[in-house]
Amino acid sequence: SASRLLSEEGVLSVVLPYDAASDMVLAAARCGLFLSRRMDVRSKATSAPIRVLLEFGRNAVPTERTELTIHSPEGPFGYSPDYVALTKDFYLKF
């Protein structure tokens with residue numbers, strides 16, 4: 001449905017369990033959508049990824065890959081500075 005509804009410049013963004021990423025990328029490609037951005041999300045720097053944020057569009061472009069760690073002793077309240085920057089507009093305590 002997303003492929004049918006998206007404009008030429010539109011994007012589809014999803015948050016999935018890490019294990020579901022490969023299946024989603026394949027399913028999207030079958031519908032003419034290409035992975036443009038991927039962010040692997042870890043609870044701690046030493047943990048395996050638990051979530052993945054994927055962004056798809058109609059044009060095949062090189063995939064921008066990044067990682068995000070949620071918890072870190074360096075950040076406020078035990079959260080990493082990157083996580084705080086990403087979510088500060090949604091949480092009052094940041």
* When you go through (1) under 12 Å from the mean Cα position of the chain (by Cα); (2) open to solvent by 80 Å² or more (accessible area, probe 1.4 Å) one by one for Leu16, which number turns out not to apply? -> (2)
* Structure fact -> Inside region 48-79, the number of residues satisfying the requirement of being of a type in the set (Ser, Thr, Tyr), more than 11 Å from the chain's Cα centre (by Cα) and closer than 25 Å to Ser36 by Cα is 2
* Asked: Looking at this structure, is Phe34 open to solvent by 40 Å² or more (accessible area, probe 1.4 Å) and touching a helix residue (DSSP H, G or I) at 6+ places or on another chain (Cβ under 6 Å)?
  -> no
* To do: Scan region 46-87 for residues that are among the charged types (D, E, K, R) and assigned to a loop (DSSP other than H, G, I, E, B) and jot them down.
  => Arg58, Glu74
* **Residues of region 42-79 satisfying the condition of being without any contact (Cβ under 8 Å) to a residue 24 or more places away in the chain and either touching a His at 6+ places or on another chain (Cβ under 8 Å) or open to solvent by less than 100 Å² (accessible area, probe 1.4 Å) (or both)** => Ser47, Gly75, Pro76, Gly78, Tyr79
* Asked: Could you say whether any residue in region 14-37 is over 23 Å from Ser1 (Cα atoms) and touching a strand residue (DSSP E or B) at 6+ places or on another chain (Cβ under 9 Å)?
  -> no
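The values are calculated or read from the model by the stated rules, or taken from the named source; none is laboratory data. Source: prediction; values computed, not measured. Because the Cβ atoms are built from the backbone with ideal geometry, glycine has one as well, and the counts that use them run over all protein chains shown. Note: accessible area is taken over every heavy atom of the protein model, side chains too, but ligands, DNA and RNA are not part of it. Shrake-Rupley method; radii C 1.70, N 1.55, O 1.52, S 1.80 Å.
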